[in-house]
Amino acid sequence: MKTMTPEEIRKLRESRVWTTTELAYHVGVSGDAVRKWERGERVPRGPAMKKLIEIASRPNGHRGHGKNLP
């Protein structure tokens with residue numbers, strides 16, 4: 001399975017104009033987990049990594065602003 005670096009995760013979040021809490025919502029983890037990934041303190045694994053890769057594969061125009069949008 002492909003992995004993402006802390007920088008790639010941060011750039012993904014910023015490209016969607018999401019907060020760490022919003023990215024966490026879309027991935028199904030806590031905001032604290034996303035912050036730790038971005039600082040390189042932890043590494044997303046399993047379903048979380050799969051979801052990050054799925055989000056990254058979407059066109060950048062599909063930002064899904066707000067917690068109620070996919």
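Worth a mention:
- Rough spin-label spacing in nm, given labels placed 7 Å along Cα→Cβ, for Met1 and Ser30: 2.0
- Rounded tilt (10° steps) of 6-15 against the dominant C-alpha axis of the chain: 10
- Cut-off 11 Å, label 7 Å out along Cα→Cβ of Ser15, residues of the stretch 23-39 by amide N: none
- Mean ellipticity per residue at 222 nm, deg cm²/dmol - from DSSP H runs of n ≥ 4 across the chain, formula -39500 (n - 2.57): -16000 deg cm²/dmol
- Per atom type, the stretch 1-43 shows carbon and sulfur on 50% of its accessible surface, probed at 1.4 Å.
- Note that the chain presents 62 Å² accessible area per residue, ligands and nucleic acids not counted, probe 1.4 Å.
The values are calculated or read from the model by the stated rules, or taken from the named source; none is laboratory data. Worth saying up front: this structure is predicted, and the values here are computed from it rather than measured. For neighbour counting, all protein chains shown are included, and Cβ atoms are generated from backbone atoms with ideal geometry for every residue, glycine included. Note: areas computed on protein heavy atoms with side chains; ligands, DNA, RNA excluded. Shrake-Rupley method; radii C 1.70, N 1.55, O 1.52, S 1.80 Å.
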